[in-house]
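Q: The structure follows.
The values are calculated or read from the model by the stated rules, or taken from the named source; none is laboratory data. Quick caveat, the model's predicted, so the values are computed rather than measured. Cβ atoms come from the backbone with ideal geometry, glycine included; neighbour counts cover every protein chain shown. With ligands, DNA and RNA removed, areas are computed over all heavy atoms of the protein, side chains included. Shrake-Rupley method; radii C 1.70, N 1.55, O 1.52, S 1.80 Å.
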Amino acid sequence: MPITTCIFDAYGTLFDVAAAARIAAQEPGREAFAALWPQIARDWRLKQLQYTWLRAVTGEHTDFWAVTQDGLDWALEAAKLDGDADLRERLLQLYWELEAYPEVPAMLAALKEAGLNTAILSNGSPDMLDGAVKSAGIGDLLDDVLSVESVGIFKPAHVVYDLVGQRFDCADDEVLFVSSNGWDAGSAAGYGFTTVWVNRAGEPVDRLPARPGTILPDLTRIPDLAAR
């Protein structure tokens with residue numbers, strides 16, 4: 001069946017999760033952080049994701065803002081910067097104002113012009129996602145923003161992917177699901193979606209039961225794929 005609905009992960013897919021650390025590193029008086037920010041940003045993101053998986057497995061759900069703070073605390077302690085309360089506060093503030101990747105507005109506009117449904121499906125809590133969407137100025141290009149908070153478990157639980165069909169009344173093979181997380185794109189492929197992994201870092205494919213259908217370096221070609 002033709003694609004009718006394009007669904008996007010949020011963090012790392014539409015929004016640059018490294019932007020908060022990168023901006024903070026450029027601010028005056030943060031020389032110690034500036035020397036370490038790339039590793040801190042990677043550790044922050046990795047722990048944030050690991051904590052979602054662990055909480056899903058153990059059934060101890062909390063919202064994404066809590067795991068975001070926990071991941072940052074781990075990363076700052078690993079870098080021996082956990083005593084800098086001002087830095088922590090600034091990084092968390094910036095996380096609510098993440099930049100969208102440069103190609104995002106034009107890509108979403110092309111999908112809407114083609115008459116396709118567009119939405120976010122994210123681990124993010126509703127208030128975090130609302131802040132990011134408003135900061136990026138892409139609210140008019142999305143039909144909805146779906147959060148795992150409505151089902152109380154993080155991706156890749158299938159009940160999260162169920163939200164797409166429930167919202168748009170579409171078959172699984174009408175959905176183009178796009179994520180920067182290889183595990184998410186692979187899991188969504190196993191669920192039944194047509195999937196794209198936006199592999200900006202050129203990483204290997206995760207060894208999972210299903211693989212992403214297409215691998216791209218960025219989001220530029222998404223409208224072409226959706227039109228097939």
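Q: Test Ser180 against the criterion of being closer than 16 Å to Asp9 by Cα and either in contact with a helix residue (DSSP H, G or I) (Cβ under 6 Å, 6 or more places away or on another chain) or in contact (Cβ under 8 Å) with a residue 40 or more places away in the chain (or both), and give yes or no.
A: yes
Q: Right, here's the next one. Does region 68-91 include one or more residues that are assigned to a helix (DSSP H, G or I), closer than 27 Å to Gly165 by Cβ, in contact (Cβ under 8 Å) with a residue 24 or more places away in the chain and of a type outside the set (Asp, Glu)?
A: No; the residues of region 68-91 include none that is assigned to a helix (DSSP H, G or I), closer than 27 Å to Gly165 by Cβ, in contact (Cβ under 8 Å) with a residue 24 or more places away in the chain and of a type outside the set (Asp, Glu).
Q: Is there a residue in region 109-131 that is within 23 Å of Gln48 (Cβ to Cβ) and in contact with a Gly (Cβ under 6 Å, 6 or more places away or on another chain)?
A: Among the residues of region 109-131, not one is within 23 Å of Gln48 (Cβ to Cβ) and in contact with a Gly (Cβ under 6 Å, 6 or more places away or on another chain), which makes the answer no.
Q: Restricting to region 7-35, what's the tally of residues that are over 19 Å from Ala157 (Cα atoms), of a type in the set (A, V, I, L, M, F, W, C) and not in a helix (DSSP H, G or I)?
A: Matching residues across region 7-35 total 5.
Q: Now a separate question. Considering only residues that are of a type in the set (A, V, I, L, M, F, W, C) and either open to solvent by less than 30 Å² (accessible area, probe 1.4 Å) or over 22 Å from Pro156 (Cβ atoms) (or both), look in region 36-51 and name the one that is farthest from the chain's Cα centre (by Cα).
A: Leu36
Q: Based on what the data block shows, is Tyr11 within 20 Å of Asp143 (Cα to Cα), open to solvent by 30 Å² or more (accessible area, probe 1.4 Å) and not hydrophobic (A, V, I, L, M, F, W, C)?
A: In short, no.
Q: Within region 136-160, can you find the residues that are assigned to a helix (DSSP H, G or I), open to solvent by less than 60 Å² (accessible area, probe 1.4 Å) and more than 20 Å from Tyr51 (Cα to Cα)?
A: Ala136, Gly139, Leu141
Q: Taking Val196, is it assigned to a helix (DSSP H, G or I) and β-branched (Val, Ile, Thr)?
A: So Val196 fails the test.
Q: Of the residues that sit in region 92-110 and are open to solvent by less than 80 Å² (accessible area, probe 1.4 Å) and outside any helix (DSSP H, G or I), which one is nearest to Ile23 (Cα to Cα)?
A: Among those residues, the one meeting the criterion is Leu98.
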